[in-house]
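Accompanying notes for the structure given below.
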Amino acid sequence: MVLEAITVVWASASVASAASAAALPSMAATAAAATASSASASTAAVAAQQAAAAAPAFRSPRMRWNTTLSTAVLRSRRSLRADAGRVRRQVERCLQTDAPRDLAPLFERMAARLSTGAALGACVRSAVHRYCDVLFDVLSPWPLIPPVRAPAEADTSTRASGAVAGDELAKSSVHMKLAAEREVTVCFVVFMTDEVEAVKDLLERGHSGDKAVVHVDLRHPTASRSMLAWAAARPNVAVLRKRWAVLRAGESATEALLEALEVAVEMGHWEVALFLSGTHAWIRPRSDLSRFLFYHPVSFAMTDETFTEVAGRLGFELQLECGGHLWLLTRDHKDQSTVLLPRLGHPNLTRAAGHSFVALRRPFVEWVVGNRRLQGSLVWTVLRYTTRMVSGIETALTTLLLTSPWRALTNTRHDLTFAKIFPGEQEPFGHREPEHDMGFVVASAGTLGPEAFERLQAARWNHWVPNGGHGVHQPPLQPVGSAGPLPAQSTGSGVANLEPSPCAGGLPLPQAPWPRYSLDEASPGFASFARKVHPLLRARLVERLDCEAAELSRVASPAASGRGEGRSGSIAEVWPLAAHALTLTQASGCVGQRVAISGANGADAQRRVCDAREQGLPCPMEVRLRWAACAGEVLVREHVALGSGRLFAMQVGAGSLPSGGLLAPSLVPADSASLRATLFVAVRRRADAVPLLVRVGLQAPGGEEVRPAPQDVWTDVREVPRQFTVSFAPPHLPLPSRWHWRPGRWNATVYAAPSTADGRGNEDVLAWRSFYVYRRPRDVTPGLLREFFKVATLAP
């Protein structure tokens, strides 16, 4: 979404504010008089209309054309800009006469529901003030001023997206960075009502470095006291002292979230803020979430990315929270007509519809927190236009993300949560609160009961999200392109191709790999949480996670050391460079000693076992080395090549393991029978669904290029949901006996198909990384080892 700067007379803002303040007494008197004259006569009628109101009537309201605001909307759509003097006069007239007249139906409902005259008067004044504020903003929109300095990451975030031109690609850095997996710290921002035990379990399963900010609804004081007592002994958990009675679709949720984000920033270091509810539950271990966030350093928000014109949707209707109620500001209860604002009332602001539970990177959060009270800033302006609409929190978050400099660093396809949010799955009658004006309803996700247990487990490996339309939780059944016809591998339940699991009494889980499908309809998503989980289902999920934790502990224990992937034998079968790496580093208990280390004199190696079903993330090598005479261990972790856009990671090496990963990554023996390059792809935005043909080539130290056979193999990444591997046979080069590959530094390069129509243009380089071929282990220097691996000596 590209925002255009607009011209506005800033002086009119201060003039209108002064006029508003001066006219307030007369406005209040006029409104109170109008209210008093009609309140007693209309109370019974309004109550009857509220009781008889049906939800469908609020989905398609008619436009009220007989109001000052609707006239201003029509003028703005015709691009007729009023001058500053005219704007001032219209706002003055609005405060004194137009607003009391146009809001008369609202005042009748307020008089019927508010018990005291003081509350009624305060809400009447707030309603008039908001109505005239909106009128001013429609007539004289605030400029959308981008930050003076955009984030550095945004400069290269669009490379390899498939939608950028060749000259733009040439300007960006295509060198993939080598890095080892690390823990990504999270701040959980939780909104809860009375789900005390559920929230405690949710937070206790986090990492020791995680933070948490909890907001307990004002209507649940017992839950608040319980959470405050629990958090008192946990310095990384903060329970907000300032609380709101949050009303769905109103501005209180946005205000509470912004307050929580301010507290989160003050709590210290974290990298990602996860906005969750008290009904969220883990369906994956916390370590899985950390790995995913490490490889995807972006924000996540499930949004349609589209401009939606006025079509009778509540998202464009004004609301006001006052007196413990959420009021539909311009709704006339007599004929269900209202005033709908296209583009949120701003000519250059596109409303991004979506879901409120998002994952936000810290730089974006700091930008929002630091600018939300700065009048005229982009954050302040977007919040001004979005928070006064029905469904404010969803509109505010997604619109802020897609109007910010971080929009290119946002995944708009999903929000890391599995929820029943698609047509036919939501609650049949939506979410209705007694505080909602006229009993209007808000769409609400369906509840996940115990019967959804297998579906959630399958979603861990086979979760699909829509391409801006109807949702699916399985691969599309109609693949297109060069992949050819494929058998249907998924049913409506999403649990095809199953195998028993050691945990939870043989729970079925899907096998891997899944076949290649086109991404035209949907793309793979990562589900770490489930939303609106029934307590019985939560208990089964907790049992499952506890079982997996015990299973992982057994796999990683010292007793499971040995050959290949946990069996005893030569450590060269665990990693060809294991003995040499141990010699170079020396375990901490052997410092100062010269020891001869080999597979026959007490050396031992353990290698992390990956889950072969996890096709969406790399399986980097992680080896623990030790010698019987040493007290310490050496931990060696592979540096994976990281990119951005559609190609986010690449591994190169020789050999493969049954559970995934390469036997010899990055540092490759010259006598390897073949080399493999595995690329990991992601669909993050709608623009990523365009065709992108790529090929992979290897550049030898002498400059020769090695291509896979046949010579020109192109892959459309739309047909690769998660990863694809390219194998290379040894080139026909003059080399000594037993050498298949020339020793030295090699490059693996990913090319995009020529962009010219006749196919004669130059190939664009999307990404490249280096690796090294060695003749003998002793040719690998300590510098080379640390370039491609993270090496750490662990004390006993």
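Quick check on my filter: what residues within segment 346-401 are of a type in the set (Phe, Trp, Tyr) and within 16 Å of Glu251 (Cα to Cα)?
Matches in segment 346-401: Phe357, Trp380, Tyr385.
So if I check each of Leu218, Leu247, which one is in a loop (DSSP other than H, G, I, E, B) and touching a strand residue (DSSP E or B) at 6+ places or on another chain (Cβ under 6 Å)?
Residue meeting the stated conditions: Leu247.
Could we say that Thr193 is open to solvent by less than 60 Å² (accessible area, probe 1.4 Å) and more than 19 Å from Arg234 (Cβ to Cβ) here?
Answer is yes for this residue.
State whether the residues of segment 641-653 include one that is within 30 Å of Arg407 (Cβ to Cβ), free of Cβ contacts under 8 Å to residues at least 40 places away in the same chain, touching a Pro at 6+ places or on another chain (Cβ under 7 Å) and crowded, with 22+ Cβ neighbours inside 10 Å.
Yes.
Which residues, taken from segment 193-252, are acidic (Asp, Glu) and either modelled with pLDDT of 95 or more or within 17 Å of Leu276 (Cα to Cα) (or both)?
Asp194, Glu195, Glu197, Asp201, Glu204, Asp210, Asp217
If you scan segment 339-353, which residues turn out to be surrounded by fewer than 22 Cβ atoms within 10 Å (Cβ to Cβ) and not aliphatic (A, V, I, L, M)?
Pro342, Arg343, Pro347, Asn348, Thr350, listed by residue number.
Only one of Arg81, Arg86 is open to solvent by 80 Å² or more (accessible area, probe 1.4 Å), in a helix (DSSP H, G or I) and either basic (Lys, Arg) or at pLDDT below 95 (or both); which?
It is Arg86.
Give the residues of segment 636-669 that are among the β-branched types (Val, Ile, Thr) and under 30 Å from Arg413 (Cβ atoms), sorted by residue number.
Across segment 636-669, the qualifying residues are Val640, Val652.
Of all residues in segment 193-212 being of a type in the set (Gly, Ala, Ser) and not in a loop (DSSP other than H, G, I, E, B), which is farthest from Leu228 (Cα to Cα)?
Top of the filtered list is Ala198.
Go through segment 443-454 and report how many residues are at pLDDT 80 or above and in contact with a Gly (Cβ under 6 Å, 6 or more places away or on another chain).
1
Looking only at segment 332-348, how many residues end up being more than 30 Å from Leu400 (Cβ to Cβ) and outside any loop (DSSP other than H, G, I, E, B)?
2
Report the residue count in segment 209-227 for those that are open to solvent by 50 Å² or more (accessible area, probe 1.4 Å) and hydrophobic (A, V, I, L, M, F, W, C).
Summing the residues that are open to solvent by 50 Å² or more (accessible area, probe 1.4 Å) and hydrophobic (A, V, I, L, M, F, W, C) in segment 209-227 gives 1.
Mind listing whichever residues of segment 661-690 are out of contact with any helix residue (DSSP H, G or I) (no Cβ under 6 Å at 6 or more places or on another chain) and within 24 Å of Ala522 (Cβ to Cβ)?
Thr678, Leu679, Phe680, Ala682, Val683, Arg684, Arg685, Arg686, Ala687, Asp688, Ala689, Val690
Kindly establish whether Ala118 is closer than 30 Å to Arg685 by Cα, open to solvent by 10 Å² or more (accessible area, probe 1.4 Å) and either modelled with pLDDT under 95 or assigned to a helix (DSSP H, G or I) (or both).
No: the conditions fail for Ala118.
If I go through segment 655-665 residue by residue, how many of them are surrounded by fewer than 24 Cβ atoms within 10 Å (Cβ to Cβ) and either polar (S, T, N, Q) or assigned to a strand (DSSP E or B) (or both)?
Matching residues across segment 655-665 total 3.
Residues to consider are Arg594, Arg613, Arg567; find the one that is farther than 24 Å from Pro782 by Cα and at pLDDT below 50.
Result: Arg567 is the single residue among Arg594, Arg613, Arg567 that is farther than 24 Å from Pro782 by Cα and at pLDDT below 50.
Filter segment 426-458 for residues that are over 26 Å from Cys322 (Cα atoms), assigned to a loop (DSSP other than H, G, I, E, B) and without any contact (Cβ under 8 Å) to a residue 24 or more places away in the chain; which is most open to solvent (accessible area, probe 1.4 Å)?
Pro428
Just to verify a result, which residue in segment 196-208, among those that are open to solvent by 10 Å² or more (accessible area, probe 1.4 Å) and out of contact with any helix residue (DSSP H, G or I) (no Cβ under 7 Å at 6 or more places or on another chain), is farthest from Leu257 (Cα to Cα)?
Ser208
Give me the pairs: first residue in segment 95-113 and farther than 10 Å from Thr68 by Cβ and open to solvent by 10 Å² or more (accessible area, probe 1.4 Å), second residue among the acidic types (Asp, Glu) and modelled with pLDDT under 95, beta-carbon distance under 8 Å, and six or more apart or on different chains, which are they?
As it stands, the answer is Pro105/Asp332, since those pairs meet every condition given.
What residue, among those in segment 354-385 that are touching a strand residue (DSSP E or B) at 6+ places or on another chain (Cβ under 6 Å) and either of a type in the set (Lys, Arg) or assigned to a loop (DSSP other than H, G, I, E, B) (or both), is least open to solvent (accessible area, probe 1.4 Å)?
In this case the residue turns out to be Val358.
Would segment 398-406 turn up any residue that is buried (at least 24 other Cβ atoms within 10 Å of the Cβ), more than 20 Å from Ala264 (Cβ to Cβ) and modelled with pLDDT under 90?
Yes, some residue in segment 398-406 is buried (at least 24 other Cβ atoms within 10 Å of the Cβ), more than 20 Å from Ala264 (Cβ to Cβ) and modelled with pLDDT under 90.
Examine segment 238-248 for a residue that is open to solvent by 40 Å² or more (accessible area, probe 1.4 Å), farther than 26 Å from Leu537 by Cβ and free of Cβ contacts under 8 Å to residues at least 12 places away in the same chain, and state whether such a residue exists.
Yes; the residues of segment 238-248 include at least one that is open to solvent by 40 Å² or more (accessible area, probe 1.4 Å), farther than 26 Å from Leu537 by Cβ and free of Cβ contacts under 8 Å to residues at least 12 places away in the same chain.
The values are calculated or read from the model by the stated rules, or taken from the named source; none is laboratory data. Treat the numbers as computed from the prediction; the structure is a model and nothing was measured. Ideal geometry is used to build each Cβ from the backbone, glycine not excepted, and the neighbour counts take in all protein chains shown. Note: areas computed on protein heavy atoms with side chains; ligands, DNA, RNA excluded. Shrake-Rupley method; radii C 1.70, N 1.55, O 1.52, S 1.80 Å.
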